[in-house]
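> Quick one: this structure, given as structure tokens, is what I'll be asking you about.
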Amino acid sequence: MRSLFSAALFVALTAIVLPVHAQDSTKKDTTVKPPDSPSKAVLDSWNDIGRKLIAMAEDFPEDKYDFKPTPAQRTFAEQLLHASNANYFFTNPVLGKKVPAEEDPKRSDFKTKAEIVAFVKKAFADGAEAIKAKGDKGMNDLAVDPFSHQQFRVYDLAYGYIEHSGEHYGQLVVYYRVSGLVPPESRPKK
């Protein structure tokens, strides 16, 4: 009898407490946050892909920096240099500067992993600074893409280069996997 009463009391309390708790959680979830500003949205995407490529540059073993899965592909180091240097085809036109003379920096100009890591960090930091300098109002300014010779809004041009970096990130994931390594982004979070 006592256990039956205890079970009934538990059911009754649960029936009262759960709906009250559910009402509290829905009240909290009903507040909709405003969207990020245009420049913050671009900057967050820019910094996110930059963070991923920087993590790879810092993590991949230096003795494998000249590895490439097939002879026709760039080495790991060349992939990083190419993706990072491409940022200047966004940053420079947006800031009214000349684009780099070469699309791909020479590997021989970056002899160590530390030099490549520093270049990757700088290229993404310079792009982030350009986005910040433009601000929200500047996201609609026009800049000329040096490859297509077409005008684009700053935010469209930025997203194009963010996508370009993402494509190279995907290729570098394969370099990790073919080397028997797990990319930083795919490791369990601590």
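> Among 142, 172, which is assigned by TED's automatic domain parsing to the domain that holds residue 77, surrounded by 16 or more Cβ atoms within 10 Å (Cβ to Cβ) and among the hydrophobic types (A, V, I, L, M, F, W, C)?
172
> May I pose another question? With the condition being among the aromatic types (Phe, Trp, Tyr), I'd like the helices (runs of 4 or more DSSP H) fully within segment 77-190 carrying at least 3 qualifying residues.
88-94, 154-178
> Still on this structure, please answer the following. With the structure loaded, tell me whether residue 34 is modelled with pLDDT of 95 or more and part of a loop (DSSP other than H, G, I, E, B) or whether it fails that test.
Considered against the rule, which asks whether it is modelled with pLDDT of 95 or more and part of a loop (DSSP other than H, G, I, E, B), residue 34 comes out as no.
> Can you confirm whether residue 111 is exposed (fewer than 13 other Cβ atoms within 10 Å of the Cβ) and more than 28 Å from residue 185 (Cβ to Cβ)?
Answer is no for this residue.
Yes/no matrix, rows are residues, columns are (1) within 21 Å of the chain's Cα centre (by Cα); (2) on the phi > 0 side of the Ramachandran plot; (3) surrounded by fewer than 19 Cβ atoms within 10 Å (Cβ to Cβ); (4) in contact (Cβ under 8 Å) with a residue 24 or more places away in the chain:
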position: 133; (1), (2), (3), (4): yes, no, yes, yes
position: 136; (1), (2), (3), (4): yes, no, yes, yes
position: 147; (1), (2), (3), (4): no, no, yes, yes
position: 161; (1), (2), (3), (4): yes, no, no, yes
position: 186; (1), (2), (3), (4): yes, no, yes, no
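> Residue 97 - would you say it is under 18 Å from residue 65 (Cβ atoms), without any contact (Cβ under 8 Å) to a residue 60 or more places away in the chain and charged (D, E, K, R)?
No, not satisfied.
> Considering only residues that are over 14 Å from residue 178 (Cα atoms), in contact with a helix residue (DSSP H, G or I) (Cβ under 7 Å, 6 or more places away or on another chain) and basic (Lys, Arg), which ones fall in segment 38-73?
Across segment 38-73, the qualifying residue is only 52.
> Out of 89, 147, 119, report the one residue that is of a type in the set (Phe, Trp, Tyr), assigned by TED's automatic domain parsing to the domain that holds residue 173 and within 28 Å of residue 37 (Cα to Cα).
89
The values are calculated or read from the model by the stated rules, or taken from the named source; none is laboratory data. Nothing here was measured: the structure is a model prediction, and the numbers come from that model. We place every Cβ from the backbone using ideal geometry, glycine too, and count neighbours over all the protein chains shown.
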